[in-house]
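Contents: one structure, followed by commentary.
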Amino acid sequence: MDKSFLKSSSIVTAMTFLSRILGLVRDYFIARYFGANGFTDAFLVAFRIPNFLRRLFGEGAFSQAFVPILAEVRANHDEAEVQNVINHIGTKFLTVLIIITVITVVIAPLVIFMFAWGFYFDADSTKFDLASNMLRITFPYLLLISLTAFAGSILNTYDKFAVPAFTPVLLNVSMILSAVYLSQHLETPIMALAWGVLIGGIVQLLFQIPFLIKIKKLPRLARGDHPSVKTLKKRMLPALFGVSVSQINLLIDTMIATVLVSGSVSWLYYSDRLLELPLALIGIA
C-alpha cells in the first residue's frame with residue numbers, strides 16, 4: 001500500500017479522533033456550566049438549525065457533489081480551468097448562502113416557530129425570545145462553515161487532508177472557551193455559547209485561507225455562468241436525499257422535545273451525542 005496514503009490516513013484519523021474527543025469535552029462543559037433547562041434548550045435549538053443545514057448543504061451534499069467535479073476537471077484540464085470552476089461555483093454558492101442567511105436573520109422568530117413551535121406556546125415566552133435572538137447570532141455560522149467546507153473540498157482535492165480534518169477542532173475550542181470565560185461577562189451567560197459558535201465559524205474559515213493561498217487556489221468572484229454549476233446541481237439532488245434522512249429524523253425529535261418540559265431538548269441532545277461517540281470512534285477505527 002502507498003506510504004503517502006497511509007501517512008495521510010493516519011493524520012486524518014488522528015485529527016478526527018481529536019475533534020471527537022474535544023466535542024465530548026465541549027458537551028461536558030455545556031452540561032457543567034449550563035445544565036439542562038430552558039436556556040440551554042433555547043441555545044441548542046438555535047445551534048441545531050444552522051447545524052442541520054450545514055450537514056445538508058455544507059459538509060454533506062455539497063461536498064459529495066463538488067469534490068468529484070473538481071477532481072475530474074483537474075484530471076482533464078489545466079490549472080486555469082480548475083481555478084475557473086472554483087471561482088464560478090464559489091460565487092454561486094456564496095450568493096445562495098448570503099441570501100439564505102440574510103432572510104433567516106430577518107425572520108428568525110418565524111424560523112424558530114417552524115422548528116421549535118413548542119417554545120411559542122410555552123407559558124414562559126423567555127425560551128422563544130431567547131432562541132430567536134440567539135439564532136440571529138448562530139445562523140451566520142451556516143455561511144461560514146459552508147465556505148469552510150468549500151475550502152476544505154478544494155484542499156482535499158489537492159491531497160491536503162490534514163487541514164480540513166483539524167478544522168472542526170477550532171469550533172470545539174471556541175465553544176469551550178466561551179462557556180468557561182465569556183459566559184462570566186455576559187448578562188445572559190448562555191449567549192456566550194451563541195457567540196462561541198459564530199467566533200468558531202470565523203476562525204475555521206480564516207484558518208484554511210493561508211493553505212488555499214499556498215496551493216494558489218483561493219476562490220475569486222466570477223461573472224456569468226459555467227457548465228460545472230449545472231453539473232453540481234444535478235449531482236447534489238441524490239446526495240441531498242441521502243444525507244437528509246437521519247438529519248430530518250433528529251430535527252423532528254427536537255421539535256417534539258420543545259413541547260415537553262424544560263430541559264427535554266438538552267437531554268435529547270446529550271443522549272444523542274453520547275450515542276454518536278462510540279459509533280464515530282468505531283468509524284474512525
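The values are calculated or read from the model by the stated rules, or taken from the named source; none is laboratory data. Just so you know, these numbers come straight off a predicted model, no measurement behind them. For neighbour counting, all protein chains shown are included, and Cβ atoms are generated from backbone atoms with ideal geometry for every residue, glycine included.
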Exercise. Name, by its number, the condition in (1) touching a helix residue (DSSP H, G or I) at 6+ places or on another chain (Cβ under 7 Å); (2) without any contact (Cβ under 8 Å) to a residue 12 or more places away in the chain that does not hold for residue 137.
Key: (2)
Quiz prompt | Residue within segment 92-111 that is under 19 Å from residue 194 (Cα atoms) and among the aromatic types (Phe, Trp, Tyr) present | solution = no
Quiz item: Checking residue 269 against (1) more than 13 Å from residue 36 (Cα to Cα); (2) at pLDDT 85 or above; (3) assigned to a helix (DSSP H, G or I); (4) not charged (D, E, K, R), which single condition isn't satisfied?
Solution: (1)
Quiz item: Taking segment 144-154, which residues are surrounded by 22 or more Cβ atoms within 10 Å (Cβ to Cβ) and either aliphatic (A, V, I, L, M) or in contact with a Cys (Cβ under 7 Å, 6 or more places away or on another chain) (or both)?
Solution: 144, 145, 149, 151, 154
Quiz item: Is there a residue being under 15 Å from residue 231 (Cβ atoms), touching a Pro at 6+ places or on another chain (Cβ under 8 Å) and either of a type in the set (Phe, Trp, Tyr) or in a helix (DSSP H, G or I) (or both) anywhere in segment 68-86?
Solution: yes
Exercise. Restrict the check to segment 20-31 and report whether at least one residue is out of contact with any helix residue (DSSP H, G or I) (no Cβ under 8 Å at 6 or more places or on another chain) and either free of Cβ contacts under 8 Å to residues at least 24 places away in the same chain or over 28 Å from residue 277 (Cβ atoms) (or both).
Key: yes
Practice problem: Filter segment 14-39 down to residues that are over 19 Å from the mean Cα position of the chain (by Cα), part of a helix (DSSP H, G or I) and surrounded by 15 or more Cβ atoms within 10 Å (Cβ to Cβ), then give me how many there are. | Solution: 6
Self-check item: Residue satisfying condition, being buried (at least 19 other Cβ atoms within 10 Å of the Cβ) and either closer than 15 Å to residue 208 by Cβ or not charged (D, E, K, R) (or both), within set 121, 128, 113
Solution: 128
Quiz prompt | Selection count, segment 83-137, where residues are closer than 30 Å to residue 157 by Cβ and over 18 Å from the mean Cα position of the chain (by Cα) | solution = 9
Self-check item: Selection from segment 213-232 of residues that are in a helix (DSSP H, G or I) and over 19 Å from residue 148 (Cα atoms)
Solution: 227, 228, 230, 231
Practice problem: Please work out which one of (1) surrounded by 17 or more Cβ atoms within 10 Å (Cβ to Cβ); (2) at pLDDT 95 or above is the condition residue 66 fails and give its number. | Solution: (2)
Exercise. Considering (1) outside any helix (DSSP H, G or I); (2) closer than 28 Å to residue 115 by Cβ, say which one residue 160 fails and leave the rest.
Key: (2)
